[in-house]
């Protein structure tokens with residue numbers, strides 16, 4: 001997926017995030033959850049007048065407390081605020097951990113109410129990211145929840161601070177915004193530099209829009225977009241306990257876009273954020289797009305692309321800039337899909353290296369030394385096509401993930 | 001699986017291999033396929049009087065020419081010889097590559113016939129291992145096929161030379177033999193230090209026995225054994241185009257064991273070879289046994305154990321000797337099995353680190369600095385249990401697999 005929104009319909013920028021749309025405020029502060037003293041608490045707040053919302057959550061059966069909470073809250077299709085912390089996932093923390101999440105939402109609702117906006121805990125989603133298994137330091141978190149309400153800015157800096165505060169092993173904050181020519185906007189921020197997988201993964205994304213839209217319209221736009229973007233970002237096949245993508249709409253622009261326009265704008269922002277997540281994945285030295293075409297169906301193309309994108313031998317070869325197409329064929333051959341083992345074609349960066357499952361002369365000399373690698377596989381059995389974004393498997397990946405409990 | 005044969009029924013040794021049973025000869029020579037000049041051609045020859053055989057092959061849809069050939073030959077349930085080369089997989093080499101395999105079998109049959117044992121190409125299995133996609137240097141291979149027939153020794157050194165000649169990135173040859181107290185024997189050799197996966201993977205194994213057994217009995221014993229051993233060895237989830245496990249019986253002992261005894265002896269040798277493969281896997285610094293118990297069925301236990309064994313985040317944590325049990329729970333949570341996310345227990349080397357999905361105090365201090373790590377997960381939903389052997393994901397793995405085309 002390298003889809004970007006039709007430039008005729010608007011403009012995509014990376015310099016703005018959740019506060020790009022009208023009527024959203026955000027903040028990021030250091031609550032002291034991270035020992036490093038870095039920003040670790042973020043808030044996204046909708047001024048209304050509407051509070052429609054939708055969410056997509058991890059497919060992992062082991063769900064963190066904030067995921068269980070936010071799923072429950074989202075049933076109303078309504079959100080006024082999202083509070084997010086890094087420095088601790090609050091996953092596998094038992095009933096006590098769930099109480100911590102509940103209390104965080106209640107404290108935020110109370111702080112917002114005192115600040116002048118009557119808010120219930122049921123209008124607050126909670127997201128957490130960090131190490132699994134430890135309780136959050138509530139003695140630090142609770143006072144910070146009140147503090148952050150007073151820090152909320154309506155300008156772009158609040159959004160950027162929030163994008164900073166959700167970072168874990170990310171090296172850069174990730175923001176994107178789409179300004180529609182009809183004067184409504186979609187903004188977003190994301191974190192997640194590893195454990196990115198098909199069903200999302202330690203990935204937190206908050207999207208905002210000032211369009212007028214029902215929860216159903218948001219849900220539809222969000223599911224279509226995540227299916228083509230975050231669900232097709234596969235760094236290591238792992239899938240976190242905490243993945244959450246939220247979309248809030250406040251109607252502040254007073255514009256009601258068509259479902260088609262809403263879909264396109266949400267997709268554009270998600271696609272750009274997914275590209276940024278890939279580029280900043282743990283230990284990445286190569287940004288890789290794996291496309292499988294000519295499959296029996298789009299689903300089968302996706303299964304095959306994922307099998308290649310997850311194969312450790314393919315990924316280490318790419319780290320070594322090695323056009324080892326045999327490993328691509330071996331990876332495709334394991335995928336549970338329809339294929340003709342004698343009719344597979346592979347190209348790297350547009351150079352055919354294998355035609356009808358046999359190597360092309362010069363294939364081993366293809367230059368893959370650049371940071372971007374496009375792997376294209378043609379199965380010649382149908383017309384299904386799908387692209388998965390992935391990265392190489394590098395020493396950096398091993399280093400980041402073998403250091404003590406990250 | 002750490003099953004070893006009942007010592008009351010016999011003895012397992014690692015100092016003998018395919019020539020441990022009566023009536024088998026073997027050799028290993030340098031044919032010049034490997035640029036390094038190391039041993040690269042192996043032969044295992046059965047003197048009879050019987051020539052029963054069975055085989056298990058890769059589940060990869062992309063199958064190397066020697067796999068296609070040997071599968072065809074095995075339909076007769078009869079083998080007189082196996083010729084194996086390292087230095088080239090002869091996979092994805094098209095019809096020309098298949099002709100090369102066919103010609104290798106014919107040349108060996110001719111050489112054996114000239115040597116005094118009337119042999120047909122249809123009695124010769126062929127195995128290859130090495131880089132995918134290149135044709136074999138037939139100008140070197142063909143003369144070597146005649147030469148190796150003259151090098152065949154009946155002693156143990158021939159078996160050891162053969163075990164050396166099939167090595168690729170293996171650092172040590174792998175042999176095992178079981179001597180049954182009733183005076184019949186099973187011997188074996190194996191290679192494969194990466195791409196070891198559920199359906200086998202760039203793993204070549206030749207097993208021999210001097211027992212009297214039909215092809216059906218051999219097939220039954222071999223399938224039971226591989227299901228519990230090589231199929232549960234999962235280094236990186238990859239699965240090669242060339243995996244082959246062969247079992248030849250010549251009846252030279254004149255003993256006809258019960259199916260049960262045959263099963264146990266073949267299992268004992270396979271289990272020991274699988275342990276050796278794990279210990280010599282590419283870049284291994286930890287030997288890991290992942291056991292899942294209390295699953296709804298043995299199949300579900302296996303699916304869950306495999307999900308953990310393949311998880312890059314679990315494997316990098318183990319490389320770092322980090323008792324990061326949260327990653328184990330996250331990996332189990334992705335597995336498509338029945339589970340109660342609140343009732344999972346995890347232990348490392350016998351130390352409980354997580355009970356009912358919540359961390360145990362002191363869990364992060366469990367010492368995993370040794371080379372052997374046992375991960376045990378109790379799902380508490382049934383009585384299914386399975387163990388998968390795996391390794392950590394280390395810098396060495398990345399290094400070995402990112403160097404130019406290996």
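Structure remark: mean-square fluctuation, Gaussian network model of chain A, C-alpha springs under 10 Å; the largest value among A:147, A:118, A:282 belongs to A:118. In plain terms, the chain from residue A:139 to residue A:343 could stretch by 67.2 nm, reckoned as 0.36 nm per residue minus the Cα-Cα distance.
Among the residues of A:332-339, the average count of other protein chain beta-carbon atoms within 10 Å of the residue beta-carbon is 4.
Would you order A:395, A:179, B:164 from fewest to most other beta-carbon atoms within 10 Å of each residue's own beta-carbon?
Ascending number of Cβ neighbours within 10 Å: A:395, A:179, B:164.
Ranked by the mean number of other Cβ atoms within 10 Å of their residues, highest first, the peptides A:296-302, B:265-271 fall in the order B:265-271, A:296-302. Counting, for every residue in A:319-326, the Cβ atoms of other protein chains within 10 Å of its Cβ and taking the mean gives 6. When peptides A:330-343, B:43-56, A:241-254 are ranked by their average number of other Cβ atoms within 10 Å per residue, the highest-first order is A:241-254, B:43-56, A:330-343. Entry note, chain A: relative contact order of 19 percent, from Cα contacts under 8 Å with a spacing of 6+ residues. With neighbour counts taken as other beta-carbon atoms within 10 Å, the residues A:178, B:319 rank, fewest first, as B:319, A:178. The C-alpha atoms of chain A define a longest principal axis, and helix A:215-228 lies at about 30 degrees to it. Per residue, the average separation of C-alpha pairs within less than 8 Å and at least 6 apart gives region B:1-100 a relative contact order of 24 percent.
Of all DSSP beta bridges confined to region B:79-209, the antiparallel ones make up roughly 75%.
The ranking of A:272, A:261, A:182, B:367 from fewest to most other beta carbons within 10 Å of each one's beta carbon is B:367, A:182, A:261, A:272. With both partners inside region A:287-401, how many of the DSSP beta bridges are antiparallel, as a percent to the nearest 5? Once the DSSP bridges in region A:287-401 are tallied, antiparallel ones form about 70 percent.
Note on region A:323-374 and region B:83-140: Cα centroid distance 25 Å, given to the nearest whole angstrom. Placing a label point 7 Å from the Cα of residue B:299 along the Cα-to-Cβ direction, the distances to the matching points in the other copies come to 1.9 nm, shortest first. When peptides B:352-362, A:22-32, B:203-213 are ranked by their average number of other Cβ atoms within 10 Å per residue, the highest-first order is B:203-213, A:22-32, B:352-362.
Averaged over the residues of B:89-95, the number of partner chain Cβ atoms lying within 10 Å of the residue Cβ comes to 5. Take the Cα radius of gyration of chain B and divide it by 2.2 N^0.38 Å, N being the number of residues; the result is 1.00.
Between the Cα long axis of helix B:325-334 and the first principal axis of chain B there is an angle of about 70°, rounded to the nearest 10.
In terms of its Cα atoms, region A:212-363 spans 60, 34, 29 Å along the principal axes, sorted from long to short. By how many degrees, 0 to 90 and rounded to 10, does the Cα axis of helix A:65-74 deviate from the longest principal axis of chain A? Helix A:65-74 sits at roughly 80 degrees to that axis. Here residue B:15 yields copy-to-copy label distances, from shortest upward, of 7.7 nm, the label point defined as 7 Å from Cα along Cα to C-beta. The calculated FRET efficiency for the pair residue B:380 and residue A:75, based on their C-beta separation and a Förster distance of 22 Å, comes to about 0.15.
Take residue A:146, push a point 7 Å out from Cα through the beta-carbon direction, and compare it with the same point in every other copy: 9.5 nm, smallest first. From a point 7 Å beyond the Cα of residue B:298 in the direction of its Cβ, which residues of region B:385-400 have a backbone N at a distance under 20 Å? So the set is B:385-390.
Here, each number is a calculation from the coordinates, and none is a lab measurement. Here the structure is a predicted model, which means the values were calculated and not measured. As a convention, Cβ positions derive from the backbone with ideal geometry for all residues, glycine included, and neighbour counts pool all protein chains shown.
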